[in-house]
Amino acid sequence: MLNILIIGNGQCGNRILDAVNKEAFGGKGKLAKFYSKQKYKSRVETIAINTAVNDLKELKYTKAKDRIHIPHLHGVGANRNVGKQVFAENHSHIMRQIEERGSFDVAFVITSASGGTGSSFTPPLIKEIKERHDFPVYAIVVLPFREEGSLYLQNTAFCLKDIRETGVDGIILADNQFLKQLGGDVESAYNSINDMIAKRILFLLDALDSEMMMVTDLGDFKTVMSGGAGIATIGFYQAEKDEPIRTTIQKSLSPAGLLFSTDVYEEASRSMIIIRGDKSYLSIDEISTEVEKLSASVGHVFKGIIVRKGERPQVLSVLTLESASELENLYAVAIDAINEEREKKARVLEDRNVDKVFSKIDGLEPQY
Amino acid sequence: MVQTKRMLVLIICIVLLSMMSAGNASAKQILYNSTIEDGDGYQINNYVIDVTDVFVDAETAVFKVYEKDDLKHDKMIGDDKSFSFEIEGEDVEVTLVSVGGGILPRVTVTITISDDDIVHTKGVVDGGHDKASFSGTPILEITKTVSPQEIAVGETARVTVSVTNAGDDDATGVRFSDSIPARFVLQESFVSETGKMSLDIGDSRQIFIYELKATESGTFTLDPTTATFSNEAGGDFPQASSNSPTLTVEGDSLEEAMKEAELQFTISLEPTSVQRTGFIDVKVHIKNTGDAPAEGVSMDILIPDGLEFEEGDDEIEVVGNVPKLYLSSFGLQQEKEISYRVKANSEGTYTITTQYSYQYDNAVDEDLQEVSDELTTTSIQVVKGQYDSLLEQPIYVYAIPLVLIIAIGGWIFYRHRQYRF
Ligand SMILES: Nc1nc2c(ncn2[C@@H]2O[C@H](COP(=O)(O)OP(=O)(O)O)[C@@H](O)[C@H]2O)c(=O)[nH]1
């Protein structure tokens, strides 16, 4: 049995964490916590950290003792510098909370890259965990909607960079912009994105701690995650009715199943495919064909099969990316945004110079 | 020796004589048997027998009998001769036994009287009747009247006893005795002079005034009221008696005159068998079947444990947990129905006892008659209620769901606390 730690930072991280806890209750309604038991295979500890107490209050499936409020006057806003400072002031408190929960085999830290609290707490937190412990730590990072503005893009760019520099064992990307297709208003889009992410995380946790027909374990996961540019994403698909396992695998690797826009056959470097379902669906031939197709372009594919009586087949794929054109696009936009911000600042400064011009006639009287 | 023999004979004679006189009341009783000197007298009550002349030689003496100062008899009799006269109807006989000489001549006489009861004063009087002191005779005239003389059973008649001293001397030590006749009840006594008293000459007094209540019809003669008394000199007189008035009582005997209030209580129950927590309606029907009205009718309804008084007519008042009823009067042939309702609280067989009491005037006795009794209903069966079998279930039948509810509640609370931030 694995000991797994999941931390959600900031509003986005908190909510996804709550969605994970909800999914663990079987994805049922609000009252599930009163009659249901979380179906984690492993010992899973979840911690939600935020400076905004209201965000913590919103959570429904995360125990109160697992919600850690870091008080800071007026919150952090989207200012990562303030966030970093607040973390520095409270890091021992946060670390104590983590360490009180015992030792772990693996940790996941969920955050948005663009906000204030999550994006600024996550890098130093991962850094500190990595310094103190030797279990792998993976960041699950949510990228913003592109239209959210230059400040968010700028934060995203710096945040991702910061996280990479912490010694993190891998970054799993989920892109709001890419997942926007799920539709609806922002709030329901968030909820369905969160549910998607949660479902994948839970499937992954379940797979890491399961008796498999073909073995993939935490070691394999680590191997996959250590490949490529340290950037990864997850695909998932559950077969409809009588969909054959072949199309199920394909769809998990397609944009319909991925959390981040990528052409896996082009960009993936290492991968892991976990197939779960009733034996009757699991045609080894089909599975082999699909895995071979992927490994032809990706290299080694770790595969695991979990037999579950009566379940329709579900496929989870974990892919590390060699390159991420979408990320490059994002950085390009981000750089533009940074420049734009700088120019804005410069203009403000200039405006100050205009003030100076006016101040030159202070004390003078117009002469007629 | 010869002397003692004589003494014995004399004593025997005296004893025999006294026995004879005791045996025969009408026999002469010797008042005096001795000598009287010439010029002296012998007094019996107001009479004095004077010895006026003694002729020793002729063995003859002259006796003069005075009633006070009045000369009544003048007798000269010889030796061994007698003469008689009457005092207050009694015969007095004076016998000259012998005549003796000396400085003063004297006679030896024997004086007898047929009944010495009348004698209150006697003895030799020196100097004869002139020197005698006379005491009078109080005469008590007692009158007993009854009014009215005809009454009905249950009615009263007033008896008045009065006395007048019609004699010539004060009466002292007067004591009256009177008895209440049988078949009558002393209703009230107004005057009752039962102690010793005196009654001066000519005085009148009321001695008794009382009311008798007749209990039976008939003609009754009341016993006379009597009095014993003495005169001033202390001489006792024979008892005086009153007349004996008669009283006629008419009508029924008292038993027949007596009236009675008779309340009949009947209780009906509806139903007589009820499920637990059910109700029983009780109706008490009261009827006065007697011939007198009742008053102060009170009823205490004793509800046994297991039943409970629920509600009832307005007249029923619950005092100290006991439903009570009070009716100040209940007329002849009057009927009334009281209803109340009891609740069956626990299983069992019960009866309800009603204690009642009332009073009435029986038209004979002065006090009100009190009747008290109790009445018990037929039995009431209280059976298991519809849901009672539930109550009889063993504790776990309740305990399990209860524990479950508590456990679920506790769990929800625990979970709520666990997830409340
Ligand atoms: N997928 C997802 N994205 C979210 C959610 N909430 C906020 N975000 C994104 O997170 C970014 C804002 O960061 P947030 O976590 O709210 O800020 P922080 O609380 O200061 O860390 C924006 O780009 C939002 O689109 C959520 O519930 N789900």
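Please go through (1) assigned to a helix (DSSP H, G or I); (2) modelled with pLDDT of 90 or more for A:Phe236 and return the number of the only condition it doesn't satisfy.
Unmet condition: (1).
Output the number of residues of the range A:276-292 satisfying the condition of being out of contact with any helix residue (DSSP H, G or I) (no Cβ under 8 Å at 6 or more places or on another chain) and of a type outside the set (Ser, Thr, Tyr). Give the steps one after another, and end with the answer.
Of the residues in the range A:276-292, the ones out of contact with any helix residue (DSSP H, G or I) (no Cβ under 8 Å at 6 or more places or on another chain) are A:278-280, A:284-285, A:288, A:292.
Imposing the further condition that a residue be of a type outside the set (Ser, Thr, Tyr) reduces the set to A:278-279, A:284-285, A:292.
Count: 5.
Taking the range A:318-368 only, how many residues are open to solvent by less than 100 Å² (accessible area, probe 1.4 Å) and outside any helix (DSSP H, G or I)?
Count: 8.
From A:Val291, A:Val318, grab the single residue that is at pLDDT 85 or above and under 24 Å from the mean Cα position of the chain (by Cα). Walk me through how you get there before you give the answer.
On the way: A:Val291 fails: under 24 Å from the mean Cα position of the chain (by Cα).
Going through A:Val291, A:Val318 in turn, the sole match is A:Val318.
Considering only residues that are buried (at least 22 other Cβ atoms within 10 Å of the Cβ) and facing chain B (nearest Cβ under 9 Å), which ones fall in the range A:31-47?
Residue satisfying the conditions is A:Lys33 alone.
Are there any pairs, at least 6 apart or on different chains, whose C-beta atoms fall under 7 Å, with the first in the range A:256-270 and among the polar types (S, T, N, Q) and the second crowded, with 19+ Cβ neighbours inside 10 Å and modelled with pLDDT under 90, and if so, which?
Close Cβ pairs (under 7 Å, with a partner that is crowded, with 19+ Cβ neighbours inside 10 Å and modelled with pLDDT under 90) amount to A:Ser261/A:Phe178; A:Ser261/A:Glu326; A:Thr262/A:Ala324; A:Thr262/A:Glu326; A:Ser269/A:Gly227; A:Ser269/A:Gly228; A:Ser269/A:Val298.
If I ask for residues that are within 13 Å of the ligand (Cβ to nearest atom), more than 8 Å from chain B (Cβ to nearest Cβ) and either under 20 Å from the mean Cα position of the chain (by Cα) or hydroxyl-bearing (Ser, Thr, Tyr) (or both), which ones from the range A:52-76 would you list?
Within the range A:52-76, A:Ala52, A:Asp55, A:Glu58 qualify.
Which residue pairs have Cβ atoms under 9 Å apart, sit 6 or more places apart or on different chains, and have a first residue in the range A:54-69 that is among the β-branched types (Val, Ile, Thr) and a second that is open to solvent by 10 Å² or more (accessible area, probe 1.4 Å) and assigned to a loop (DSSP other than H, G, I, E, B)?
The qualifying pairs are A:Thr62/B:Phe421.
Residue pairs, Cβ under 9 Å, 6 or more apart or interchain, first in the range B:260-284 and on the phi > 0 side of the Ramachandran plot and assigned by TED's automatic domain parsing to the domain that holds B:Ser346, second open to solvent by 50 Å² or more (accessible area, probe 1.4 Å) and part of a strand (DSSP E or B). List them.
Once the first residue is on the phi > 0 side of the Ramachandran plot and assigned by TED's automatic domain parsing to the domain that holds B:Ser346 and sits in the range B:260-284, its partners that are open to solvent by 50 Å² or more (accessible area, probe 1.4 Å) and part of a strand (DSSP E or B) give B:Thr277/B:Lys343.
Go through the range A:106-152 and count every residue that is open to solvent by 10 Å² or more (accessible area, probe 1.4 Å), within 12 Å of the ligand (Cβ to nearest atom), in contact with a Lys or Arg (Cβ under 8 Å, 6 or more places away or on another chain) and not aromatic (Phe, Trp, Tyr).
Of the residues in the range A:106-152, 0 are open to solvent by 10 Å² or more (accessible area, probe 1.4 Å), within 12 Å of the ligand (Cβ to nearest atom), in contact with a Lys or Arg (Cβ under 8 Å, 6 or more places away or on another chain) and not aromatic (Phe, Trp, Tyr).
Please pick out the residue among B:Ile142, B:Ile151, B:Ile103 that is over 57 Å from the mean Cα position of the chain (by Cα) and either among the hydrophobic types (A, V, I, L, M, F, W, C) or assigned to a strand (DSSP E or B) (or both). First the steps, then the outcome.
Working: B:Ile142 fails: over 57 Å from the mean Cα position of the chain (by Cα); B:Ile151 fails: over 57 Å from the mean Cα position of the chain (by Cα).
B:Ile103 is the lone residue from the list that is over 57 Å from the mean Cα position of the chain (by Cα) and either among the hydrophobic types (A, V, I, L, M, F, W, C) or assigned to a strand (DSSP E or B) (or both).
Looking only at the range A:153-192, which residues are more than 13 Å from the ligand (Cβ to nearest atom) and on the phi > 0 side of the Ramachandran plot?
A:Gly167, A:Gly170, A:Gly183
Does B:Phe190 satisfy being open to solvent by less than 40 Å² (accessible area, probe 1.4 Å) and in a strand (DSSP E or B)?
No; evaluated as a whole, the condition is false for this residue.
Test B:Tyr396 against the criterion of being open to solvent by 80 Å² or more (accessible area, probe 1.4 Å), of a type outside the set (S, T, N, Q), more than 14 Å from every other protein chain (Cβ to nearest Cβ) and more than 60 Å from the chain's Cα centre (by Cα), and give yes or no. Can you show your working first?
On the way: open to solvent by 80 Å² or more (accessible area, probe 1.4 Å): yes; of a type outside the set (S, T, N, Q): yes; more than 14 Å from every other protein chain (Cβ to nearest Cβ): yes; more than 60 Å from the chain's Cα centre (by Cα): yes.
Yes, satisfied.
Against the condition in a helix (DSSP H, G or I) and either away from the ligand (no atom under 16 Å from the Cβ) or closer than 25 Å to A:Gly167 by Cα (or both), how does A:Ile197 come out, does it pass?
yes
The values are calculated or read from the model by the stated rules, or taken from the named source; none is laboratory data. None of these values were measured; they are calculated from a predicted model. Backbone-built Cβ (ideal geometry, glycine too); neighbour counts: all protein chains shown. The protein model used for the area step is the full one, side chains on, heavy atoms only, and it has no ligands, DNA or RNA in it. Shrake-Rupley method; radii C 1.70, N 1.55, O 1.52, S 1.80 Å.
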